[in-house]
Amino acid sequence: MGIFKGLFKSQNEKEIIELQKTADKVVALADKYASMSDSELKAQTAILKQRLADGETTDDILPDAFAVVREAGARVLNMRHFYVQIIGGIILHQGRISEMRTGEGKTLVATLSAYLNALKPIMNTTAKTHHITQKSVRTNGEYGMPIPQFFPLRLCEVTDSGFDICMCTAE
């Protein structure tokens, strides 16, 4: 029976393999971005936006964008996204739900897809990316806001009915 299990993978197993391939690409770029100065790392935002303007998709630039955010997290928060958090970011970028328990880094995960999707132009303007949570803006501000602020991104905070909405908009 073991031979068939190796040949015939479930849809879930196939999906996990694809997510891991993408996460591996992100991790493989760590040294490239770690060796950059702050100004070189910040300049990646314009470079990634240009790649999109030249016809690449957000899926094409995802490994680089996530690696850039991962390095920014290490610099401004002293927190480098873990492998499983990279996978969570990929899932969020795909428009799916990434369920995580308290303390597993949901706000940190959201910075990955928020940055990536804030880069893409929509109707001659830049994208608006929303991160919605029930946690206080002060808590999320401590962990989520410094990363977008590291880059040339504008941030707004809106509190309504107990929910905090953080919007990252590429300039």
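Restricting attention to segment 1-117, lysine pairs at least eight places apart or on different chains and with alpha-carbon atoms under 19 angstrom apart total 6. Applying 1/(1 + (r/R0)^6) with r as the Cβ-Cβ distance of Asp38 and Glu13 and R0 = 41 angstrom yields a FRET efficiency of 0.50. Here the spin labels are modelled as points 7 Å beyond Cα on the Cα-Cβ line, and at Ile47 and Val76 they lie 1.8 nm apart.
Contact order for segment 20-96, expressed relative to its length and based on alpha carbon pairs under 8 Å spaced 6+ residues apart, stands at 39 percent. Normalised per residue, the accessible area of segment 52-122 is 46 Å², obtained with a 1.4 Å probe and no contribution from ligands, DNA or RNA. When a 1.4 Å probe is rolled over the protein heavy atoms, the share of accessible surface on segment 22-76 that falls to carbon and sulfur comes to 48 percent.
The values are calculated or read from the model by the stated rules, or taken from the named source; none is laboratory data. Here the structure is a predicted model, which is why all the values come from computation and not from measurement. Reconstructed Cβ throughout: ideal geometry from the backbone, glycine too, with neighbour counts over all protein chains shown. Surface accessibility is based on the protein's heavy atoms, side chains included, excluding ligands, DNA and RNA. Shrake-Rupley method; radii C 1.70, N 1.55, O 1.52, S 1.80 Å.
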